[in-house]
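What follows is a set of notes on a single structure, which appears directly below.
Each reported figure results from applying straightforward, stated rules to the coordinates on display, with no laboratory input. What you see is a predicted model, and the numbers here were worked out from it, not measured in a lab. Because the Cβ atoms are built from the backbone with ideal geometry, glycine has one as well, and the counts that use them run over all protein chains shown.
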Amino acid sequence: MRMTFRWFGTGFDSVPLRYIAQIPGLHGVITTLYDKQAGETWERSRIRSLKDDCAEYGLALDGIESVNVHDAIKSGLPSRDEYIEAYIATLEALGEEGVDLVCYNFMPVFDWTRSDLAKRRPDGSTVLAYDQAVIDSLAPDLMAESVGRGSGGFALPGWEPERMARIRELFELYRDVDAERLFANLVYFLDAIMPTCRRYGIRMAIHPDDPAWPVFGLPRVVTGEESLLRLMRAVDDPHNGVTLCTGSLGSNPGNDIVGTIRALEGRVHFAHVRNLRHEAPGKFEEAAHLSADGSFDMYAFMKALYDTGFSGPIRPDHGRTIWDERAMPGYGLYDRALGCAYLSGLWEAIGKASRG
Ligand SMILES: [Mn+2]
């Protein structure tokens, strides 16, 4: 594996690359052109300057998270073919610059959903939290407002104000889209981009839905092992792979993540490894990466990745906000850097133990 760190780019991220470069054992960053809306084509020159920014600090550009998929593609509008052409042009530009990993999601309207972006824990740290009862009490447009208020002034991935202003219109788009239709639209999209991915060696890594069940009545199709395997079979090409996000899959305690990692051997291209604490059905809060701080056995996740020969980028995922850091919720430097060190330590120990 290669240890990486998510970075939103100069001007968007509160954490500069010169800090990220000081995290021990870091290979590179996972980044994006944060100002690009879904549907826009990325210019090769901008990808190159992103790569140059990283190289200046000795960091590789290990992948893109995300190239967002336009709602016309997800909902299957007639205009989807134009948007797929634009996506392919972006993949070509990335491929020309040697980028070989693209993370994306296929959630309608919203990316991840949380009910609280700064839940205070007894030690004074704050974390993102989810409570289905709170979500059920909110209309979707109020949800977008409340996320905007809780973001501390940072633009949050997936909650771009431009999109959220059109939220009613977006919901209307999905009125007749059930889970089967959404899945078919996903397969249509992947079939269309696979030739380009093969040509450039780009591995697509779909991010699971977060949380791993339908919210606001919108369908969701990437929720666990069964749906992931179904997608791998439907587009049976190694360039069609998965971002194994333990926090998203693990939002449903019924998901056996270790089993899923083993079942997806060879198709896990990217890993997000984080911990959370289940409080009740439909209610959880995020935690430090350490196993003892949450509900997960982080060693077991890393061991399963190791045993299946995982060689792609791995990154700590959302961290707590600690030590009075001012940062985008979940994406501060301090707790994610602790996560890097912890996950690297687990990996080192697993490797040494397995070699005897
Ligand atoms: Mn994730």
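Would you kindly state how much longer the chain becomes between Ala155 and Leu229 on full extension, computed as 0.36 nm times their sequence separation minus their alpha carbon distance, in nm to one decimal? Computed gain between Ala155 and Leu229 is 23.3 nm. In a reduced charge model with +1 at each Lys and Arg Cβ and -1 at each Asp and Glu Cβ, the chain shows a dipole moment near 720 debye about its Cα centre. Fewest neighbouring Cβ atoms within 10 Å first, the residues Thr90, Thr31 line up as Thr90, Thr31. Between Arg175 and Arg199, the contour length at 0.36 nm per residue exceeds the alpha carbon distance by 5.0 nm. From helices alone, the chain scores -11500 deg cm²/dmol at 222 nm; the rule is -39500 (n - 2.57) for each run of n ≥ 4 DSSP H residues, then divide by the residue total. Using Cα centres only, tell me the gap between the range 229-289 and the range 106-169 in whole Å. Centre-to-centre (Cα) distance: 21 Å. Computing FRET efficiency as 1/(1 + (r/R0)^6) for Ala89 and Gln22, where r is the C-beta to C-beta distance and R0 is 45 Å, gives about 0.80.
Under 13 Å from a label point set 7 Å out along the Cα-to-Cβ vector of Arg326, the amide N atoms of the range 4-20 belong to 14-15. For Arg277, the shell of other residues with beta-carbons less than 15 Å away shows a net charge of -3, using +1 for Lys and Arg and -1 for Asp and Glu. Of all DSSP beta bridges confined to the chain, the antiparallel ones make up roughly 30%. Other residues whose C-beta falls under 14 angstrom from the C-beta of Ala192 contribute a net charge of -2, scoring Lys and Arg +1 and Asp and Glu -1.
The ellipsoid equivalent to the alpha-carbon distribution of the chain has semi-axes of 27, 25, 22 angstrom, derived from the gyration tensor eigenvalues as √(5λ) and listed largest first. Charge tally around Tyr334: other residues with Cβ under 9 Å, Lys/Arg +1 each, Asp/Glu -1 each, net 0. Expressed to the nearest 5 percent, the antiparallel share of DSSP beta bridges inside the range 200-319 is 30 percent.
Note on Ser137 and Asp191: the model spin-label points, each 7 Å out from Cα along the C-beta direction, lie 4.6 nm apart.
Only lysine pairs 8 or more places apart, or on different chains, with alpha-carbon atoms under 26 angstrom apart are counted in the chain, and they number 4.
Oblate is the label for the range 7-138. Its Cα gyration tensor axes, ordered a ≥ b ≥ c, give a/c of at least 1.5 and b/c at or above a/b.
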